[in-house]
Amino acid sequence: MSRRCHVEVDSRRYELPVVVGTEGERAIDIRGLRRQTGMITLDDGYANTGSCTSDITYIDGEQGILRYRGIPIEELAENASFVETAWLVIFGRLPSVTDRNRFSNLLTENSMLPDNMRKHFEAFPPHAHPMAILSAMINALSTYEPQRQIESDDDVELAAARLMSRVRTIAAASYKSSVDEPLIYPRYDFKYCENFLHMMFSLPYKEYEPSPEVARAINLFMLLHADHEQNCSTSTVRMVASGQANMFASCAAGVCALWGPLHGGANVAVIQMLEAIRASGTGVADHVRRVKNKEAGLRLMGFGHRVYRNTDPRAKLLKKSADQLLDHLHIDDPLLEIAQELEQTALEDPYFIERKLYPNVDFYSGIILRAVGIPLDMFTVMFAIGRMPGWIANWKEIHDDPHSRIYRPRQVYTGNPLTEFVPRDRR
Ligand code: CMC
């Protein structure tokens, strides 16, 4: 197999190396392109650009394969907890019993927020969006860690445990502030997901005891969101990290990037779409017709993906989990029926077949969150909690790389040519 490729520019031929990944993925290495040819590449939306090499996550979008550190997510979903998966994603190998216990203890010991931070919550307006609070508070956390040096894996582990644990506390506290209920302290005897549910739903006079089935569904939700290679928010984290910003600042930027409806905000948009279909009374077929006509830029939310040209493997697992959870909770959610009908209709429609649009992770995840009682504007926050290990791992990959360079794409300028400055009195 050739490991070089040739480009012809102005009748001159240049040779560029080809980089091959462990799974045979090939990329033209253009690092010498501008030096040799004076040209740059233009790739709107970066759809053909590999921004880095990475050891963390492998996706085969054609086959619908997703692996963290080489391990298929189906196996992790069956056998591992979110916390174990997080450690795997960050450190590159499954944790031993000692690693797991140590990391669990660190998560528990670091779950409380510095007491002063309560005042920050009081300063937000009553209807502040939890994603804005989350991002601001992650940045605020870094002010309690002045000049923390991260030199070893032990330092990363402590910082990661602090961030992962406190993000969960911040998320629950932002919800409590928004509903004007007292903040609930974490419990030292609860595991990661149970503790989050406890901080969300307990009241000073009434403890919330999550059932194992509910905790399992949230654990799966988090695990399946743990990483997804160079998506919009992870690329943002890497971008910020490449300027040598700290882990907290880089991940706060990731939260902002995740917020929009084409990325993490899609889990909210799916529920809004299903609600709208139900309220309209005009049925699924009519909605699909409007999407196909691109009415007002309408899209089938929770469908399509830049990388997957097949069903997102996470969607399959979440669909099964949604079915089981609703069964367990004896919930008959009309939105689940609409979602199933919508999926079926789209999968049989040439518009979606030709464009290879299949359900993605967000299509069924909202049904699970609704069933657990998570309010709609917290859905993307849940995604952010789950994605934290991936952001940390990507931050670490840049931090540990002695050859890492600042991310600084170029552009093709299309504005005015050289233009004369006109003094104020002549404009
Ligand atoms: N519904 C209807 N048409 C669609 C959809 C959709 N969900 N997604 C793509 N298309 C069409 C699009 O209109 C275009 O059609 P045409 O060729 O006629 O112009 C074609 O498919 C290619 O679309 P694209 O915009 O070039 O695709 P992209 O790779 O830039 O966008 C996407 C990927 C995920 C933003 C897009 O599929 C989308 O908007 N999906 C809905 C939002 C969503 O569910 N986002 C969550 C993604 S998964 C979680 C995450 O990573 O955050």
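The values are calculated or read from the model by the stated rules, or taken from the named source; none is laboratory data. Computed from a predicted structure; not experimentally measured. FYI the Cβ positions are ideal-geometry reconstructions off the backbone, even for glycines, and counts take in every protein chain you see.
If I filter segment 28-56 down to residues being hydroxyl-bearing (Ser, Thr, Tyr) and in contact with a strand residue (DSSP E or B) (Cβ under 8 Å, 6 or more places away or on another chain), which single residue comes out as surrounded by the fewest Cβ atoms within 10 Å (Cβ to Cβ)?
If we filter segment 28-56 for residues that are hydroxyl-bearing (Ser, Thr, Tyr), which is where we start, we get 37, 41, 46, 49, 51, 53-54.
Now drop any that are not in contact with a strand residue (DSSP E or B) (Cβ under 8 Å, 6 or more places away or on another chain), which leaves 37, 53.
Values: Thr37: 16, Thr53: 11.
Among those residues, the one meeting the criterion is Thr53.
Can you pull out the residues in segment 206-229 that are of a type outside the set (Val, Ile, Thr) and in contact with a Cys (Cβ under 7 Å, 6 or more places away or on another chain)? I'd like the intermediate steps shown before the answer.
From segment 206-229, those of a type outside the set (Val, Ile, Thr) are 206-213, 215-217, 219-229; that's our starting set.
Within segment 206-229, Ala215, Asn219, Met222 qualify.
Would you pick out the residues in segment 251-268 that are farther than 13 Å from Trp391 by Cα and not polar (S, T, N, Q)?
We begin by selecting, within segment 251-268, every residue farther than 13 Å from Trp391 by Cα; these are 259-268.
Within segment 251-268, Trp259, Gly260, Pro261, Leu262, His263, Gly264, Gly265, Ala266, Val268 qualify.
Collect the residues in segment 381-424 that are among the basic types (Lys, Arg) and in the same structural domain as Leu163 (by TED's automatic domain parsing), keeping them in residue-number order. Write out each step before concluding.
The initial filter retains those residues of segment 381-424 that are among the basic types (Lys, Arg), namely 387, 396, 405, 408, 410, 424.
Answer for segment 381-424, where residues must be among the basic types (Lys, Arg) and in the same structural domain as Leu163 (by TED's automatic domain parsing): Arg387, Lys396.
Pairs under 8 Å by beta carbon, first residue at negative phi and of a type in the set (S, T, N, Q) in segment 352-363, partner more than 7 Å from the ligand (Cβ to nearest atom) and part of a helix (DSSP H, G or I), six or more apart or different chains?
If the second residue must be more than 7 Å from the ligand (Cβ to nearest atom) and part of a helix (DSSP H, G or I), the pairs left are Asn360/Arg314; Asn360/Ala315.
Could you list all residues from segment 365-378 that are more than 16 Å from the ligand (Cβ to nearest atom) and in a helix (DSSP H, G or I)?
Scanning segment 365-378 gives Arg370, Ala371, Val372, Asp377, Met378.
Conditions first: (1) farther than 21 Å from Val255 by Cβ; (2) within 16 Å of the ligand (Cβ to nearest atom); (3) not aliphatic (A, V, I, L, M). Asp333 passes all but one, so which condition is the exception?
(2)
Filter segment 283-306 for residues that are near the ligand (Cβ under 6 Å from one of its atoms) and not β-branched (Val, Ile, Thr) and give the result. Before the answer, list the steps.
Residues of segment 283-306 near the ligand (Cβ under 6 Å from one of its atoms): 291, 299-306.
Once the filter is applied, which keeps residues that are near the ligand (Cβ under 6 Å from one of its atoms) and not β-branched (Val, Ile, Thr), segment 283-306 yields Arg299, Leu300, Met301, Gly302, Phe303, Gly304, His305, Arg306.
Of the residues Ala132, Ala128, only one is outside any loop (DSSP other than H, G, I, E, B) and surrounded by 14 or more Cβ atoms within 10 Å (Cβ to Cβ); which?
Numbers: Ala128 fails: outside any loop (DSSP other than H, G, I, E, B).
From the options Ala132, Ala128, the qualifying one is Ala132.
I'd like the residue in segment 348-364 that is part of a helix (DSSP H, G or I) and modelled with pLDDT under 95 and, out of all such residues, is nearest to the ligand (Cβ to nearest atom). Even if it seems obvious, please write down each step before you answer.
Kept after step one, since they are part of a helix (DSSP H, G or I), are these residues of segment 348-364: 350-354, 362-364.
Filter once more, keeping what is modelled with pLDDT under 95: 362-364.
Values: Asp362: 5, Phe363: 7, Tyr364: 12 Å.
Looking at residues that are part of a helix (DSSP H, G or I) and modelled with pLDDT under 95, I get Asp362.
Search segment 262-279 for residues being buried (at least 17 other Cβ atoms within 10 Å of the Cβ) and under 12 Å from Leu298 (Cβ atoms), and hand back the single one that is nearest to the ligand (Cβ to nearest atom).
Here the residue is Ala269.
Tell me, please, whether a residue that is in a loop (DSSP other than H, G, I, E, B) and either touching a Gly at 6+ places or on another chain (Cβ under 9 Å) or within 9 Å of the ligand (Cβ to nearest atom) (or both) can be found in segment 311-325. It would help to see each step written out before you state the result.
Going residue by residue through segment 311-325, those that are in a loop (DSSP other than H, G, I, E, B) are 311-312.
Checking the rest, the ones that are also either touching a Gly at 6+ places or on another chain (Cβ under 9 Å) or within 9 Å of the ligand (Cβ to nearest atom) (or both) come to 311-312.
Scanning segment 311-325, I find at least one residue that is in a loop (DSSP other than H, G, I, E, B) and either touching a Gly at 6+ places or on another chain (Cβ under 9 Å) or within 9 Å of the ligand (Cβ to nearest atom) (or both), so the answer is yes.
List the residue pairs whose Cβ atoms are under 6 Å apart, where the first residue sits in segment 80-92 and is farther than 16 Å from Phe383 by Cα and crowded, with 21+ Cβ neighbours inside 10 Å, the second is at pLDDT 95 or above and of a type in the set (Val, Ile, Thr), and the two are 6 or more positions apart or on different chains.
Matching pairs, first to second residue: Ile90/Ile392.
What are the pairs with Cβ atoms under 7 angstrom where one residue, in segment 303-314, is in the same structural domain as Tyr358 (by TED's automatic domain parsing) and within 14 Å of His225 (Cβ to Cβ) and the other, located anywhere, is small (Gly, Ala, Ser) and in a loop (DSSP other than H, G, I, E, B)? Sequence gap at least six, or different chains.
Matching pairs, first to second residue: Asp312/Gly64; Pro313/Gly64.
Report whether or not Leu224 is closer than 21 Å to Tyr364 by Cβ and either of a type in the set (A, V, I, L, M, F, W, C) or away from the ligand (no atom under 16 Å from the Cβ) (or both).
Working: closer than 21 Å to Tyr364 by Cβ: yes; either of a type in the set (A, V, I, L, M, F, W, C) or away from the ligand (no atom under 16 Å from the Cβ) (or both): yes.
So Leu224 fits the description; yes.
Name the pairs whose Cβ atoms lie under 7 Å apart, with the first residue in segment 1-25 and within 20 Å of Thr53 (Cα to Cα), the second surrounded by fewer than 10 Cβ atoms within 10 Å (Cβ to Cβ) and at pLDDT below 90, and 6 or more positions between them or separate chains?
From segment 1-25, the pairs are Val18/Ser2.
Only residues that are surrounded by 18 or more Cβ atoms within 10 Å (Cβ to Cβ) and either on the phi > 0 side of the Ramachandran plot or of a type outside the set (Lys, Arg) (or both): list them for segment 309-334, please.
Asp312, Pro313, Ala315, Leu317, Leu318, Ser321, Ala322, Leu325, Leu326
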